[in-house]
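The values are calculated or read from the model by the stated rules, or taken from the named source; none is laboratory data. This is a predicted model, so every value here is computed, not measured. Note that we place each Cβ from the backbone using ideal geometry, even for glycine, and neighbour counts take in every protein chain shown. We work out accessible area using only protein heavy atoms, side chains counted, and drop any ligands, DNA or RNA first. Shrake-Rupley method; radii C 1.70, N 1.55, O 1.52, S 1.80 Å.
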Amino acid sequence: MRLSSFFLPTLKETPTEAQIVSHRLMLRAGMIRQQSAGIYAWLPLGHKVLKKIEQIVREEQDAAGAQELLMPTIQSADLWKESGRYDDYGKEMLRITDRHEREMLYGPTNEEMITDIFRTFVRSYRQLPLNLYHIQWKFRDEVRPRFGVMRGREFLMKDAYSFDIDPAGARRSYQAMFLAYLRTFARMGLKAIPMRADTGPIGGDLSHEFIILAETGESGVFCDKAWLDLDVLADAPDYKDDLQPFFDKYTSIYAATDEKHDAATCPVPAERLESARGIEVGHIFNFGTKYSKPMNATVAGPNGEPVHVEMGSYGIGVSRLVAAIIEASHDDNGIIWPDAVAPFNVGLVNLKPGDAETDRVCEELYVKLRAQGVEVLYDDRDERPGVKFADMDLIGLPWHLVVGPRGLKNGVVELKRRATGEREELSEESALAKLAR
RNA sequence: CGGGGCGUAGCGCAGUCUGGUAGCGCGCCAGUUUUGGGUACUGGAGGCCCCCGGUUCGAAUCCGGGCGUCCCGACCA
């Protein structure tokens, strides 16, 4: 993509409404535009990141055996009356009346609907286990939306729902999602720590929150320093194997939010205790038959008798993750995207458009990089070098490939790693080799 | 849902107290200049001063009502 034609409305000044760093940077980097309190339009750069995150979530859900479908954002109130939540959910649920005076709602979650789909089509325990998920916009009418997309009213969420014939099966489903979540966040370059959680209004008896560490996080967390050295991707078992040992290992290492942490009873000695800030980005629940009973979702068991299915639900805040990643990865100059979620891999900076040799080398690099499968944002604008460097740092692409007459005179281009600020002068060929995927 | 703040050019703000031709910086457009970290100068475009009503010869400014938005608290992925 050529920056001269890319829709990227960056801001030099910070809008006053933005209080936290991710919100400020998302506005300044031209990623989002607020349309109403807690409701945002995603501009091209933000949209690209959102899609990258969504895709990693999708791949890990698929790998764990979940299947994607897509349910609507607007739901009928009837299903919610059946589960009893229509009255329980309160003002957070946005209620809508259609032209026929029918009660509708903009879904804050989908347990009822997925249970309805399940009970319509699944008749036998032989069709289990089953895990269905979708990635869809949700709406919760927060009293006080804030912090940009971190706590908006409209948000993109992946929610998965598991169905099993018995509690043992439900536990396996839960463990598979537990593993999938650790892998998902690790792939995004995040350190995510599962913490035992209250089950809240959704109910159930087994639940973990996944908290990623970020200096500017909303809540305080305490954990064993052992967490910091764990490499989940290297450690992860195969989904076909027994996941219990892995689950036991990861649930036994101490971690607690500050509400639950008690210095007096903490099993971790002070020198091994890490105190940090964190942001919740995922939450998983096992809630047994909470919905299958009132909504009568049964399958025929091995002896032919109907059995209420055991369910669980598993959420990841996809749009929140965009902000959470920025909270965890930025500096004074702007965003620092982890490679896996960066909107482009490389920012190619032409320091002197109009200079024949500089233009020629840039065009060549632009073509060759893309041929190598590298996503490139080519800054071909007629702007001052300072403007280009500042914008490139702000939008945080992982690699900056800087081409100017001064370097070309010596046959070199400059490659900068955004995260470390490390710069290296090298030949065009070596730069291409280094950036090859 | 309690308490507070703010709505003036795309963004950041002054002007409101004390009513009298609507301003500044950044950005944008044209030109000159500059050329490896947001350059300098010249010229220009751009405003239902949040909305409705009232007071007044005259309202961005005073009064009443509404809406939007942000912050603190309680609540939440």
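Structure values in brief
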| read-out | value |
| --- | --- |
| Condition check for A:Asp88: touching a residue at least 12 places away in the same chain (Cβ under 8 Å), within 13 Å of RNA strand B (Cβ to nearest atom), open to solvent by 20 Å² or more (accessible area, probe 1.4 Å) and of a type outside the set (S, T, N, Q) | yes |
| In segment A:283-326, residue modelled with the lowest pLDDT [restricted to those that are among the polar types (S, T, N, Q) and in contact with a helix residue (DSSP H, G or I) (Cβ under 8 Å, 6 or more places away or on another chain)] | A:Asn286 |
| Contacts under 9 angstrom Cβ, first residue in segment A:1-14 being farther than 12 Å from A:Ile395 by Cβ and open to solvent by 70 Å² or more (accessible area, probe 1.4 Å), partner within 13 Å of RNA strand B (Cβ to nearest atom) and not in a loop (DSSP other than H, G, I, E, B), 6 or more apart | A:Arg2/A:Asp379; A:Ser4/A:Asp379; A:Lys12/A:Arg28; A:Lys12/A:Ala390; A:Glu13/A:Arg28 |
| All positions within segment A:330-344 that are over 25 Å from A:Gly373 (Cα atoms) and open to solvent by 10 Å² or more (accessible area, probe 1.4 Å) | A:His330, A:Asp331, A:Asp332, A:Asn333 |
| Among residues of segment A:243-258, those that are among the charged types (D, E, K, R) and either at pLDDT 95 or above or touching a Pro at 6+ places or on another chain (Cβ under 8 Å) (or both), counted | 0 |
| For A:Arg418: the one exception among (1) open to solvent by 70 Å² or more (accessible area, probe 1.4 Å); (2) within 13 Å of RNA strand B (Cβ to nearest atom); (3) at pLDDT 95 or above | (1) |
| Residue that is open to solvent by 50 Å² or more (accessible area, probe 1.4 Å), in a helix (DSSP H, G or I) and more than 22 Å from A:Lys48 (Cβ to Cβ), where the choices are A:Arg406, A:Arg370 | A:Arg406 |
| Among (1) away from RNA strand B (no atom under 13 Å from the Cβ); (2) open to solvent by 40 Å² or more (accessible area, probe 1.4 Å); (3) in contact (Cβ under 8 Å) with a residue 12 or more places away in the chain - the single one A:Gln55 does not satisfy | (3) |
| Residues located in segment A:380-410, provided they are away from RNA strand B (no atom under 11 Å from the Cβ) and within 17 Å of A:Glu357 (Cα to Cα) | A:Asp380 |
